[in-house]
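These notes concern the structure reproduced below.
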Amino acid sequence: RGFWITAGPTHTSALVLRAGRAGEEEPFMTAFALVGNNIDPVGYLGFATWIDHTAQFRHISGGRSMAVRGYNFRFLRFPISFHFKAMGETSVHVALSPFNYMQGERDTDVYEFVFGGYSNSKSVITQGMEGKQYISDQIETPNILSPTAFRGFWITAEANAQDVLVLSAGRDGEGPFMTGIPTKHLHLGHIGFACWGDHTAHIRLQAAQPFL
């Protein structure tokens, strides 16, 4: 039987945890944790059952199956998957980070996805803000952004069957057009959006998709 789990912050700086049955939008259990601005990033997802029992799990988004016995967790890297829409002339930047950095700060411990950089002509995944270390190839994506219409994209960060973290991005309804494997694994807890220079971009973050 299928289930889903989500974990995300609210506008009141509380972490909300939800779980439900596959195919049902409404959760059957919800919990809140008051954590202020210091939400520890979640890096792993664990499965277990109870003493002397055995359970079989299929982790849908990660394509993994496993059997667990007793109250001994087996852990996988925690997956991230989300959709968003962007409207702008050039250079929409999306960062995956362990922390919520203040405006103007720069850090190397982020993964940055650039959509329509270089005057709306190329896209790339890098390590760090304004990263010089490329995680993916620079991909020719002429006019991937529009200054007059929202266009949809998706991003995933999840481990493959060899437990290697893979970053991917694509257009809504299509497969990935850029993919890469970072040399450093980060425990991701935040998503950031930015534009370049004096440009302005409009972002619509879609409702979070269940991880399981």
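Quick look at the values:
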item: For region 121-167: accessible area per residue (Å², 1.4 Å); result: 47
item: Sequence of 26, 130 from largest to smallest accessible area, 1.4 Å probe; result: 26, 130
item: Relative contact order of region 91-178, pairs being alpha-carbon contacts under 8 Å that are 6 or more residues apart, as %; result: 19
item: Cα-projected label distance for residue 55 with residue 163, points at 7 Å along beta-carbon direction, nm; result: 2.1
item: Net charge of Cβ neighbours under 11 Å - reference residue 125; Lys, Arg +1; Asp, Glu -1; result: -2
item: Apportionment of accessible area to carbon and sulfur, region 144-212, percent (1.4 Å); result: 52
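The values are calculated or read from the model by the stated rules, or taken from the named source; none is laboratory data. Remember, it's a predicted structure, so these values are computed and weren't measured experimentally. Positions of Cβ are generated from backbone atoms using ideal geometry, with glycine treated the same way; all protein chains shown enter the neighbour counts. Note: areas computed on protein heavy atoms with side chains; ligands, DNA, RNA excluded. Shrake-Rupley method; radii C 1.70, N 1.55, O 1.52, S 1.80 Å.
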